[in-house]
Amino acid sequence: MKLLQSLLAQLENSQWQSPQTLQAMQFERFAQLAAHAWRHSPFFRLRFEQAGFDLNQVWTPEDFSRIPLLTRSELMLQEEHIRCHAIPSDHGQTYRMQTSGSTGQVVSLQRTDATQRYWLAIAMREHQWHERDFSATLAIIKATTPTMDDPIQAAKIGWGPPASLLLKTGPSFSQPLSMPIAQQAEWLNRINPEYLLTYPTNLSALLDLYESGKAKVPIALQHVRTVGETLHPGLRERCVALGSIDIVDMYSSQELGLIALQCPDSGLYHTQDENLIVEVLDEQGQPCVQGEVGRIVITDLHNYATPLIRYEIRDYAEAGPSCSCGRGLGTLKRIMGRRRNMVTLPDGSKHWPLVGAHRYREVADIRQYQAIQHGLDDIEIRLLVSPLTQVQEESIATLAHQALGHPFKLRFSYFEHELPGSGNGKFEEFISLLP
């Protein structure tokens, strides 16, 4: 508890430091991590030696940028060699975590009490930035969340870590994502939460019900926190139209924890620079300037068990500007998703499709939508709806062509109950299967 409180106090101060001061702090911490990895990680010792670095290296941004990227495949296949055979005693115990495997590649690695402490502190920072009322009711709908519907137990458990470790909170109710959406709406109305934590896709399905008049928005609901998926444009506007419901998005991964938090003032995503070095790189490996979209590469400054040094997480983001809030933390303007979420045009060029199916409901009662690119001119449109008429298909095709940015050949597939998913509860509206 005291260690967490101390770390929170440090974060409260450091966020207002200049970008230059924060970068100097990052490289000081990285030098310590690199020296530890040199001594205890066979993989990184060899990698540093091959790159001409040594134990007494004075790290500069230029030197750091020459370290080869750590790929997901390397982490999967060589984690045993990446892992350190010793960790500092003040980092506590180690524990093994495993990713959900949404890409078909399951990653397993070790984390420590120190990395967990940073996760808790940054999660609490997010609560504090948005000035949440900790006495309010929280509802959670996620993939593996157990059912918690007993008011007495919900009050006893509270919001859970980190908030409940530091203060008394209101009740926290939860349901798994497998609960049918109509039942979710009924359940939310019954518990009437001020706050809801769920995936963007699940929120979109709830909004479908509210907009159609088939369910009522909970009277108390004022704030939705979204996690786990890319938050697409349009979802915020739909929430505001239903009663000024605010959306706050968080960018995270299971390997690294919370990567970027939305600024309460500007809405930009602040990278958590005290814990991570977050790079946005173009295809040549150079840092992106403001407004450019590039791949995200992250270094965890506090994982001394399985070092993640320049780890290519395979997400893309748009580099952001300095924030008007005065914090020195870096920014991302948008989280774009993964490379497989980009559509490839017949000429080989790629771009991010303007996904979002809410306009499709003007044509038919489409409950869910997904586009799968099988070839350069072959896109499957999957719809959770009864088969459409030819006229309706033509209307959907027109909207899909606008979203995809090209008049692709389209083929329609219809599903009665649910669209095929990844099995981890997360959903992607567009997936390219091209190599």
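The strands (runs of 3 or more DSSP E) falling completely within the range 44-149 that include 2 or more residues that are surrounded by fewer than 18 Cβ atoms within 10 Å (Cβ to Cβ) and at pLDDT below 95 map to 94-98. Checked against the criterion of being closer than 30 Å to residue 277 by Cα, free of Cβ contacts under 8 Å to residues at least 60 places away in the same chain and out of contact with any helix residue (DSSP H, G or I) (no Cβ under 6 Å at 6 or more places or on another chain), the range 351-374 has at least one qualifying residue. One residue alone among 167, 196, 203, 188 is hydrophobic (A, V, I, L, M, F, W, C) and out of contact with any Leu (no Cβ under 9 Å at 6 or more places or on another chain), and that residue is 167.
Sub-7 Å Cβ pairs linking a first residue in the range 118-132 that is at negative phi and in contact (Cβ under 8 Å) with a residue 60 or more places away in the chain to a second residue that is among the small types (Gly, Ala, Ser) and in a helix (DSSP H, G or I), at least 6 apart or interchain, are 124/163, ordered by first then second residue. Restricting attention to the range 133-149, the residues that are under 23 Å from the mean Cα position of the chain (by Cα) and hydroxyl-bearing (Ser, Thr, Tyr) total 2. Considering only the range 328-349, I want to know if a residue exists there that is touching a residue at least 60 places away in the same chain (Cβ under 8 Å), closer than 22 Å to residue 376 by Cα and either among the aromatic types (Phe, Trp, Tyr) or in contact with a Pro (Cβ under 7 Å, 6 or more places away or on another chain) (or both). So far as the range 328-349 goes, yes, one or more of its residues are touching a residue at least 60 places away in the same chain (Cβ under 8 Å), closer than 22 Å to residue 376 by Cα and either among the aromatic types (Phe, Trp, Tyr) or in contact with a Pro (Cβ under 7 Å, 6 or more places away or on another chain) (or both).
Would a scan of the range 1-22 turn up a residue that is surrounded by fewer than 14 Cβ atoms within 10 Å (Cβ to Cβ), more than 28 Å from the chain's Cα centre (by Cα), more than 30 Å from residue 326 (Cα to Cα) and not aliphatic (A, V, I, L, M)? Working first, answer last.
First pass over the range 1-22, keeping only residues surrounded by fewer than 14 Cβ atoms within 10 Å (Cβ to Cβ): 1-2, 5-6, 9-10, 12-13, 16, 18-21.
Retained after the next criterion (residues that are more than 28 Å from the chain's Cα centre (by Cα)): 2.
Next, only the ones that are more than 30 Å from residue 326 (Cα to Cα) stay: none.
Checking the range 1-22: not a single residue is surrounded by fewer than 14 Cβ atoms within 10 Å (Cβ to Cβ), more than 28 Å from the chain's Cα centre (by Cα), more than 30 Å from residue 326 (Cα to Cα) and not aliphatic (A, V, I, L, M).
Filtered by the rule that a residue be in contact with a Lys or Arg (Cβ under 8 Å, 6 or more places away or on another chain) and among the aromatic types (Phe, Trp, Tyr), the range 361-411 gives a lone residue, 369.
When residue 249 is tested against (1) in a strand (DSSP E or B); (2) over 19 Å from residue 315 (Cα atoms); (3) of a type outside the set (Val, Ile, Thr), just one condition goes unmet, and that condition is (2).
Consider residue 340 carefully, then state whether it is of a type outside the set (S, T, N, Q) and either assigned to a strand (DSSP E or B) or surrounded by fewer than 18 Cβ atoms within 10 Å (Cβ to Cβ) (or both). Walk me through how you get there before you give the answer.
On the way: of a type outside the set (S, T, N, Q): yes; either assigned to a strand (DSSP E or B) or surrounded by fewer than 18 Cβ atoms within 10 Å (Cβ to Cβ) (or both): yes.
It is true that residue 340 is of a type outside the set (S, T, N, Q) and either assigned to a strand (DSSP E or B) or surrounded by fewer than 18 Cβ atoms within 10 Å (Cβ to Cβ) (or both).
Of the residues making up the range 51-60, one or more are within 31 Å of the chain's Cα centre (by Cα) and in contact (Cβ under 8 Å) with a residue 24 or more places away in the chain.
The residues of the range 150-164 that are within 26 Å of the chain's Cα centre (by Cα) and either without any contact (Cβ under 8 Å) to a residue 24 or more places away in the chain or over 27 Å from residue 210 (Cβ atoms) (or both), listed by number, are 157, 158, 160, 161, 162, 163, 164.
Inside the range 278-330, can you point out the residues that are of a type in the set (Gly, Ala, Ser) and farther than 22 Å from residue 80 by Cβ? Of everything in the range 278-330, those that are of a type in the set (Gly, Ala, Ser) and farther than 22 Å from residue 80 by Cβ turn out to be 285, 291, 294, 317, 319, 320, 322, 324, 326, 328, 330.
With respect to residue 384, is the statement that it is surrounded by fewer than 21 Cβ atoms within 10 Å (Cβ to Cβ), among the hydrophobic types (A, V, I, L, M, F, W, C) and assigned by TED's automatic domain parsing to the domain that holds residue 15 true? Please lay out each step first, then the result.
Details: surrounded by fewer than 21 Cβ atoms within 10 Å (Cβ to Cβ): yes; among the hydrophobic types (A, V, I, L, M, F, W, C): yes; assigned by TED's automatic domain parsing to the domain that holds residue 15: no.
In short, no.
Selection over the range 308-319 of residues that are over 29 Å from residue 128 (Cα atoms) and outside any strand (DSSP E or B) gives a count of 2. Restricting attention to the range 25-69, the residues that are of a type in the set (Lys, Arg) and under 12 Å from residue 304 (Cβ atoms) add up to 2.
Each row is one residue, and each column tells you yes or no for (1) part of a strand (DSSP E or B); (2) over 30 Å from residue 99 (Cα atoms); (3) of a type outside the set (Phe, Trp, Tyr).
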site: 381; (1), (2), (3): yes, no, yes
site: 387; (1), (2), (3): no, yes, yes
site: 395; (1), (2), (3): no, yes, yes
site: 398; (1), (2), (3): no, yes, yes
site: 401; (1), (2), (3): no, yes, yes
site: 407; (1), (2), (3): no, yes, yes
site: 412; (1), (2), (3): yes, yes, no
site: 420; (1), (2), (3): no, no, yes
site: 431; (1), (2), (3): yes, no, yes
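The values are calculated or read from the model by the stated rules, or taken from the named source; none is laboratory data. All values reported here derive from a predicted model rather than from experimental measurement. All Cβ positions, glycine included, derive from the backbone under ideal geometry; neighbour counts span all protein chains shown.
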